[in-house]
Every structure is written in structure tokens, then in C-alpha cells.
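Student: Right, I'll just put the structure down here and ask away after.
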Amino acid sequence: HGAGHAALLVGAGVVTAVPLMLFNASAIRLPMTAIGMLQYLAPVLQFLIGVFVQHEEMPPSRWAGFLLVWLALVTLTWDGLSAGRREAVPEIV
């Protein structure tokens, strides 16, 4: 379809690759726990935009799924923090 489409295709590759390379460069410098928590940021922002900006419907079934996911996240975080504290405090025998 011409040189314009070829240029757009090349540009799309660059626009896709540069953020991925920047993420990779920063991910090797951060602890995996921090990266794991940051992975929840995009879906939460999408949820907030959908509900409060675009006024998307939230039936009870969707709220139930949302709450189950966050309950699991809180449980996982609590367990990780508890395990970290147990390892940090030596046992007295």
C-alpha cells in the first residue's frame, strides 16, 4: 500500500519495542515483589476509568469477581509479609 504504510509499520515496531526495553531495563533493577505489585496498577486504573469516567455498568456478579480477586491479593500479601517477618526474627530455642 505504499511507503506511508511501510513507515507506519516500522514506526509501530519502534513504538512497541522502546517501552518494552525500558521496562526490561528497570525490571532487572527492582525486586520481583515490587514488580508484581506494580502489575496490578494498570488493571486498577482501567477499572477506575471504566466505572467513574465512562460510567460502565457494574452488576453484582462483576463486583463479586472484583472483590474475590482483591481478597486473594490481600491474602497473598499478608502471607508474604508474615513469612518475611518470620525469617527476619530468629527463633529462641
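The values are calculated or read from the model by the stated rules, or taken from the named source; none is laboratory data. Remember, it's a predicted structure, so these values are computed and weren't measured experimentally. All Cβ positions, even for glycine, are placed from backbone atoms using ideal geometry, and neighbour counts span all protein chains on display. Calculation scope for accessible area: heavy atoms of the full protein, side chains included, ligands and nucleic acids excluded. Shrake-Rupley method; radii C 1.70, N 1.55, O 1.52, S 1.80 Å.
Student: Tell me the mean residue ellipticity at 222 nm calculated for the chain from its helices only (DSSP H runs of n ≥ 4, each -39500 (n - 2.57), averaged over every residue, nearest 500).
Tutor: Calculated from helices alone, the mean residue ellipticity at 222 nm is -25000 deg cm²/dmol.
Student: Still on this structure, please answer the following. Using only C-alpha atoms and all pairs of different ones, pull out the Kirkwood radius for the chain in Å with one decimal.
Tutor: It works out to 17.7 Å.
Student: Grab the beta carbon distance between ALA42 and LEU76, set R0 = 22 Å, and tell me the FRET efficiency rounded to 0.05.
Tutor: 0.75
Student: At what distance in nm do the modelled label points of ALA12 and ARG62 sit from each other, each positioned 7 Å from its Cα along Cα→Cβ?
Tutor: In this crude spin-label approximation the distance works out to 2.9 nm.
Student: Let me ask something additional. Please report the carbon-and-sulfur percent of the accessible area for region 32-87; probe 1.4 Å, protein heavy atoms only, DNA, RNA and ligands left out.
Tutor: 72
Student: If the chain between ALA27 and VAL69 were fully stretched, how many nm would it gain, using 0.36 nm times the residue separation less the Cα-Cα distance?
Tutor: Gain on extension, ALA27 to VAL69, equals 12.7 nm.
Student: Among all helices in the chain defined by DSSP H, which have a length of 27 Å or more along the axis from Cα atoms plus a Kyte-Doolittle mean of at least 0.0?
Tutor: Those that clear 27 Å and a mean of 0.0 are 3-27, 60-88.
Student: Rounded to the nearest whole Å², what accessible area per residue is found for the chain with the 1.4 Å probe?
Tutor: Value for the chain: 87 Å² per residue.
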